Amino acid sequence: MKIHEFQAKQLLRDARIAVPESIVARSGDEAAAAFAQLAGSVAVIKAQIHAGGRGKGTVATNPQQRGVQLVKSAAEANTVATNLLGHQLVTIQTVPEGQLVRQVLVEAGCDIARELYLGLVVDRARGLPVLMVSSEGGMDIEEVAANSPELIYKEAFDPNAGLQAYQVRKLCHRLGISGKTTRSADRFMRSMCKLFVDLDCSLAEINPLVVTGDGELVALDAKMNFDDNSLFRHPEIQKFRDVGEEDPAEVRAGEAGLSYVQLEGSIGCLVNGAGLAMSTMDLIKMHGGEPANFLDVGGSANVEQVTEAFRILLADKNVKAVLVNIFGGIMQCTTIANAIVGAYKQVGFNVPLVVRLEGTEVEEGRKILAESDVDIVAAENLTDAANKVLAAVI
């Protein structure tokens, strides 16, 4: 699950991690009032969407308007916020049409002496969380990783013991941090590592992490993602969910207990099991097609869930054909067959449907489809299924 920058900074603030003072605004007038309340000579207006690259992002209808802008008066704050709110912001991480800006963060100016980068992820190869830092803060870290990987320094740590003092000293030496700033870095880095573990984060990123004129570390930006499987432990995180930032089809699928990810191809995939879903998408691409989605109905889906899965697939205007690829282990092929017949009667099929069934009750399932009035193309094996669904698209 993703959250907004202002929500991430609230979590940092609660953990006594330094962040600039800021106020959320949902109108131009609120932005002007926030500027006055912050009582400084400058502030920054930041569009709040679930995407990175906002500083370089532009408003779709006005490319002169950036997603992050410096303002020097309440009137200017009002104007900038008004030009962002209710408009689509396009960044390198959004869809081409951009994402709608519903709120902005008005943040007090900061005395920046130096910009660094700090990030936390789970290293699956090591089975440990890893703290990453770099002297190249404020830049696209992906570019740094690709072009200058030697400038990214990493320290894995035990989630129970936390980041150790010697590890902080090692990172500070590599970053050229000394004196008072070393003590600030020790508090900041160790607190970030503890927060990452305590909240079951999958990603925590501070870019830039700034060193102020008086040598203190402050999180000028904050991005945090969380493991969906851990959210039952964190009601304080669940309340931050903003479904307006999520794909409506993915939200709808989640409510039905389905796993769905929208892609950009033309072949809809309905499968049971994440591994089979990945294999099916690979199969389609290997034969020259492009999957339109990842849709996993799981191993124990019922007729209603599978019918809803078809509704989601058929609502996608980019889908030109659907491939149903089911291996009946826990899932019975008869369940899928009955669901196909039920979905046909309830919502209809406006695109070709290719079905490959194998496993538990496969003969009974094939018989249900054969004796129904559903117009399907039966496939005997995976290669046959791929060839037939691609032929249907063409």
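For every residue, the table says whether it meets (1) aliphatic (A, V, I, L, M); (2) out of contact with any strand residue (DSSP E or B) (no Cβ under 9 Å at 6 or more places or on another chain).
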{"site": "36", "(1), (2)": "yes, yes"}
{"site": "39", "(1), (2)": "yes, no"}
{"site": "46", "(1), (2)": "no, no"}
{"site": "59", "(1), (2)": "yes, no"}
{"site": "70", "(1), (2)": "yes, no"}
{"site": "89", "(1), (2)": "yes, no"}
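Against the conditions (1) closer than 30 Å to residue 199 by Cα; (2) among the β-branched types (Val, Ile, Thr); (3) touching a Leu at 6+ places or on another chain (Cβ under 8 Å), residue 92 satisfies every one except (3). Condition check for residue 145 on (1) in contact with a helix residue (DSSP H, G or I) (Cβ under 8 Å, 6 or more places away or on another chain); (2) within 20 Å of residue 122 (Cβ to Cβ): one failure, at (1). Does the range 97-109 include one or more residues that are assigned to a strand (DSSP E or B), touching a helix residue (DSSP H, G or I) at 6+ places or on another chain (Cβ under 8 Å), surrounded by fewer than 20 Cβ atoms within 10 Å (Cβ to Cβ) and among the small types (Gly, Ala, Ser)? Looking for residues that are assigned to a strand (DSSP E or B), touching a helix residue (DSSP H, G or I) at 6+ places or on another chain (Cβ under 8 Å), surrounded by fewer than 20 Cβ atoms within 10 Å (Cβ to Cβ) and among the small types (Gly, Ala, Ser), one finds at least one in the range 97-109, hence yes.
Condition first: closer than 20 Å to residue 248 by Cβ and acidic (Asp, Glu). Can you find one or more residues in the range 310-331 that meet it? Steps first, please.
Within the range 310-331, the first condition is being closer than 20 Å to residue 248 by Cβ, and the residues that meet it are 310-319, 322.
From what is left, the residues that are acidic (Asp, Glu) are 316.
Yes: one or more hits.
Number of residues in the range 277-293 that are within 20 Å of residue 330 (Cα to Cα) and buried (at least 17 other Cβ atoms within 10 Å of the Cβ) equals 2.
Of the residues 308, 371, which single one is without any contact (Cβ under 8 Å) to a residue 24 or more places away in the chain, over 20 Å from residue 285 (Cβ atoms) and among the charged types (D, E, K, R)? Full working, then the answer.
Numbers: 308 fails: without any contact (Cβ under 8 Å) to a residue 24 or more places away in the chain.
Of 308, 371, the one residue that is without any contact (Cβ under 8 Å) to a residue 24 or more places away in the chain, over 20 Å from residue 285 (Cβ atoms) and among the charged types (D, E, K, R) is 371.
Residues in the range 272-294 that are under 16 Å from residue 385 (Cβ atoms), of a type outside the set (D, E, K, R), at pLDDT 90 or above and not in a helix (DSSP H, G or I): 287, 288, 289, 291, 292.
For the range 55-68, give me each residue that is in a loop (DSSP other than H, G, I, E, B) and more than 13 Å from residue 80 (Cβ to Cβ). Across the range 55-68, the qualifying residues are 55, 56, 57, 60, 61. Among the residues of the range 377-394, those that are over 34 Å from the mean Cα position of the chain (by Cα) and either part of a helix (DSSP H, G or I) or crowded, with 17+ Cβ neighbours inside 10 Å (or both) comprise 377, 379, 384. Scoring residue 143 on the criteria (1) in contact (Cβ under 8 Å) with a residue 12 or more places away in the chain; (2) assigned to a helix (DSSP H, G or I) leaves a single failure, condition (1). Scanning the range 169-188 for any residue that is farther than 28 Å from residue 44 by Cα and of a type in the set (S, T, N, Q) turns up at least one such residue. Given the condition buried (at least 17 other Cβ atoms within 10 Å of the Cβ), of a type outside the set (Asp, Glu), part of a strand (DSSP E or B) and in the same structural domain as residue 274 (by TED's automatic domain parsing), answer yes or no: does some residue in the range 345-354 qualify? Within the range 345-354 (the criterion being buried (at least 17 other Cβ atoms within 10 Å of the Cβ), of a type outside the set (Asp, Glu), part of a strand (DSSP E or B) and in the same structural domain as residue 274 (by TED's automatic domain parsing)), the answer is yes, since at least one residue qualifies.
Among the residues of the range 135-161, those that are within 24 Å of the chain's Cα centre (by Cα) and modelled with pLDDT of 95 or more comprise 154, 156, 159.
The values are calculated or read from the model by the stated rules, or taken from the named source; none is laboratory data. Bear in mind the structure is a predicted one, so any value in this text is a computation, not a measurement. Here the Cβ is made from the backbone with ideal geometry for all residues, glycine too, and neighbour counts use every protein chain on show.
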